[in-house]
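Let me begin by presenting the structure, written as structure tokens, before commenting on it.
All of the numbers you see were taken from the coordinates with simple rules; none came from a lab. Owing to the predicted nature of the structure, the values given are computational and were not obtained by experimental measurement. Note that each Cβ is placed from the backbone with ideal geometry, even for glycine, and that neighbours are counted across all protein chains shown.
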Amino acid sequence: MRNRIREQRRQQGLSQAELAAALGVSRQTVISIESGRYLPSLPLAFAIARFFGLTVDKMFDPDDEGADA
Amino acid sequence: MMTFIPPRLRKPGIYALAGLVFSAAWLVQGGRLWWVSILALIGTVAGTVRMYRVAGTDTDEGDRVGSRADERQQLVSLRSRALACNLTAITSFIGLTAAIAVKGTWGWPFLVTLLITGYGYLFGLGTYTIAEEGTPDDADAECQARHPVSS
């Protein structure tokens, strides 16, 4: 599953550590989610989407295999 | 009680307590090997200091030891513990089977361990099961009648 977290984070000029602090998770977890190695829980997925002002389906796309996450 | 202890101190504290008890056990038995308690105490102090230092690092291990693991780190920890439990159960089964085969009297610890892991698993199923089994409500019943599950 691809996601747009890295893209959104860079647009807002945030570091992984700053995003992690805002979401209440570790920096390592942000790295894992961005690289697609870890799928976040539903509450965390909503928190990420809400943080960037997007919906969950805009943030995470199971069919978007070609997108650059 | 744990909430009164700073997160970074919790696991090192538990480790230190366990080490002190282990060390005291060697001292209390009073035999020729009483000096092992000194070694255990030194090992406990060294291990506690190491854990406290690791707990302050910005790593997965540091977050786990520092009792601030997030959902991914907790999941990794849970899977590791499940693997350890599986290995314990398999090893206990092999040990018990070997003891039976050679008519050894040393098989009972394997039996106890196997029973604890087995009943622990069943206890966990009973405790952590969230979905209640029961009669479906009307909407579910209609849905199941229209789309019966084949398996």
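Details
- A Förster distance of 45 Å, applied to the separation of the beta-carbon atoms of B:Thr3 and B:Leu87, puts the FRET efficiency at 0.85.
- Cα-projected label distance for B:Trp34 with B:Leu125, points at 7 Å along beta-carbon direction, nm: 5.1
- Under 14 Å, Cβ to Cβ, from B:Pro7 - net charge with Lys/Arg +1 and Asp/Glu -1: +3
- Dividing the summed -39500 (n - 2.57) terms of all DSSP H runs of n ≥ 4 by the residue count of chain A sets its mean residue ellipticity at 222 nm at -14500 deg cm²/dmol.
- Cβ-Cβ distance of B:Val112 and A:Ala17, R₀ of 41 Å, FRET efficiency by 1/(1 + (r/R0)^6): the value works out to about 0.30.
- Formal net charge of residues neighbouring B:Ser77 (Cβ-Cβ distance under 15 Å; K, R +1; D, E -1): +2
- Inter-label distance, A:Arg2 to B:Glu71: 2.3 nm, where each label sits 7 Å from its Cα along the C-beta direction.
- Three-way shape label, chain A, alpha-carbon gyration tensor, a/c 1.5: rounded
- Here r is the Cβ-Cβ distance between A:Leu54 and B:Arg79 and R0 is 25 Å; the resulting FRET efficiency, rounded to 0.05, is 0.25.
- Using alpha carbons only: equivalent-ellipsoid semi-axes of the protein assembly as shown, gyration tensor based, whole Å: 43, 31, 16
- Scaling the Cα radius of gyration of the stretch B:1-106 by the globular reference 2.2 N^0.38 Å produces a ratio of 1.43.
- Cleavage-rule hits, GluC sites (Glu not before Pro), chain A, DSSP coil, Cβ neighbours within 10 Å at most 13: A:Glu65
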